[in-house]
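Written out below as structure tokens is the structure these notes cover.
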Amino acid sequence: MEIGDTKENIVIVGGGICGLATALALHRKGIRSVVLERSNTLRATGAAIIVHPNGWRALDQLGVASHLRQTSIPILSGQFHSLDNDELKEMPVGEEELRCLKRTDLVDILANSLPRNTLHLGCEVLSIKLDPITSSPVLQLQGGRLLNAKVVIGCDGVNSAISNMMGVKAEKIFTISVIRGFTNYPNGHELGSQFRLTKKDDTQVGQLPMTKNLVYWFITRKYTCQDSMASKSQKLIWNLAVDSVEGFPTSIIEMAKNCELDSLHLTEYLRYHAPWDILRRRFREGTVTLAGDAMHAMGPFLAQGGSACLEDAVVLARCLARTSHIHRNARGAKMQVEEAFDEYLKERKMRILRLSLQMYLIGKMLDASSQFVKFICIILLAVLFSDSHGHTRYDCGSL
């Protein structure tokens, strides 16, 4: 789809979960925006998304939670099984709502809830700069077109062109790869409403029920040179998944073998924003700001990346809605937007800092080869995050 004007008030770059949620949150507040997505189709990378209670609170505010609840069953319990020492124990999942959604279901309902002509597919933003006279953002689109905007919100993910322009791109890496997929059980699976995590050496397999017949699973393991080659083919990812669960229980091996081939996704290594970068960076330049993975890419160890994006959308729209004259008095409106963005970033910074620090310590514990480093991470987690599910009780507030 071609964008029909060379000027827009609010431009959201990136049509993933964060970009669509931000556009919907703004729409709920009566604010128009356009979303530019470089792909020719809606993107939903990663097969599924685990949504904690804090994410459901944000989805309730966006008005799409009731529909999504019909697509998945609640997860009521958890079990951890270490094959290294045959340890089997209960794994708390919290007392509030926890579900696993298909990313396509979430992306579709967000997109379908937007007004017509909000989402523009096949519009890649190559670069962004500030006009030297007005300080307004100017985006260069593929094909050489320029788009002038009053406000730009970068929701374009971990490889964000907007965060790259602002010098805050995620550069830290965990040498851990993740394979994700779905397996359908025509006669029903054995998980019931239980999340299971099984560990053997440096490999972990997670299994989450989505419906009575569908299971989402993931395999985390040390990155190997095979991963780069495997990512080019669904069949090679399948081979890698099956090889990775060698020595695991038969039910897990069969799960990997019988998965839906088209659902497979391999993340070769995990890129993230370090906690100290979250603390020291500003994440705003004029009327340009960031949200989602573009601002706070984090590993999957807390399963909070998607929910944090939804929180960003609600808080950002609430703050921006307080600027009563976005479309009038250019200089005054610009100052109002900048103040709104500063308010948004102030509210989000401590929340994101705690999430990123907890994620970093878990990731470092899994990634480190030194037993001493692992021990230090365990101690810090116990001291700083004694309530391991505290992050799920956060409430982003109302729109």
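The values are calculated or read from the model by the stated rules, or taken from the named source; none is laboratory data. As the structure is a computational prediction, the values presented were derived from the model and not from experiment. Using ideal geometry, Cβ is built from the backbone for each residue, glycine included, and neighbour counts are taken over all protein chains shown. Areas reflect the complete protein model, heavy atoms only, side chains present, ligands, DNA and RNA absent. Shrake-Rupley method; radii C 1.70, N 1.55, O 1.52, S 1.80 Å.
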Task: Residue of Ala368, Ala65, Ala23 that the Gaussian network model of the chain assigns the largest fluctuation, springs spanning Cα pairs under 10 Å - done: Ala368
Task: At least 18 Å along the helix axis (C-alpha) and Kyte average at least 1.6, DSSP helices within the chain - done: 371-384
Task: Of the trypsin sites (Lys or Arg not before Pro) in segment 89-151, those whose Cβ has at most 11 other Cβ within 10 Å and which sit in DSSP loop - done: Arg116
TODO: Please state the charge dipole magnitude for the chain, taken about the Cα centre, from unit charges on C-beta atoms (+1 on K and R, -1 on D and E), reported in debye and rounded to the nearest 20.
DONE: 1120
Open item on the list: Ignoring solvent entirely, what values of log10 I(q)/I(0) come out of the Debye formula for segment 320-399 at 0.15, 0.22, 0.27 Å⁻¹ when each Cα is a single scatterer?
Closed with: -0.68, -0.99, -1.20
- [ ] Starting from the Cα of Lys374, draw a straight line to each of the lysines and keep only those under 23 Å, dropping any in the same chain fewer than 8 residues away.
- [x] Lys89, Lys172, Lys199, Lys200, Lys222, Lys364
Open item on the list: Between segment 72-136 and segment 354-394, what is the separation of their alpha carbon centroids in Å?
Closed with: 22
Task: Most to least accessible of Glu37, Glu90, Glu95 (protein chains only, probe 1.4 Å) - done: Glu95, Glu90, Glu37
Open item on the list: Taking the solvent-accessible surface of protein heavy atoms with a 1.4 Å probe, what is the per residue accessible area of segment 148-232 in Å²?
Closed with: 41
Open item on the list: Rolling a 1.4 angstrom probe over the protein chains, ignoring ligands and nucleic acids, what is the accessible area of Thr224 in square angstrom, nearest 10?
Closed with: 40
TODO: Rank these residues by their accessible area, most exposed first, probe 1.4 Å: Asp227, Asp105, Asp243.
DONE: Asp243, Asp105, Asp227
Open item on the list: Could you tell me which residue out of Thr220, Leu264, Leu197 lies farthest along the dipole of segment 176-268 toward its positive end? Charges go on the beta carbon: Lys and Arg +1, Asp and Glu -1, centred on the Cα centre.
Closed with: Leu197
Task: Antiparallel %, DSSP beta bridges [both residues in the chain], to 5 - done: 70
Task: Heavy-atom accessible surface of the chain: percent carbon and sulfur, 1.4 Å - done: 50
- [ ] Find, to one decimal place in angstroms, the Kirkwood hydrodynamic radius of the chain, where the mean of 1/r is taken over every pair of different Cα atoms and then inverted.
- [x] 21.9
- [ ] Order Ser33, Ser113, most accessible first, counting only protein heavy atoms with a 1.4 angstrom probe.
- [x] Ser113, Ser33
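Rg over Rh of segment 176-268, using C-alpha atoms and the Kirkwood radius, what does it come to?
0.95
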Open item on the list: For Leu126, what residues show an amide H to amide H distance below 5 Å, using hydrogens built from the backbone and excluding near sequence neighbours?
Closed with: Gln140, Leu141, Gln142
Task: Cα centroid separation - segment 232-299 against segment 145-171, whole Å - done: 21
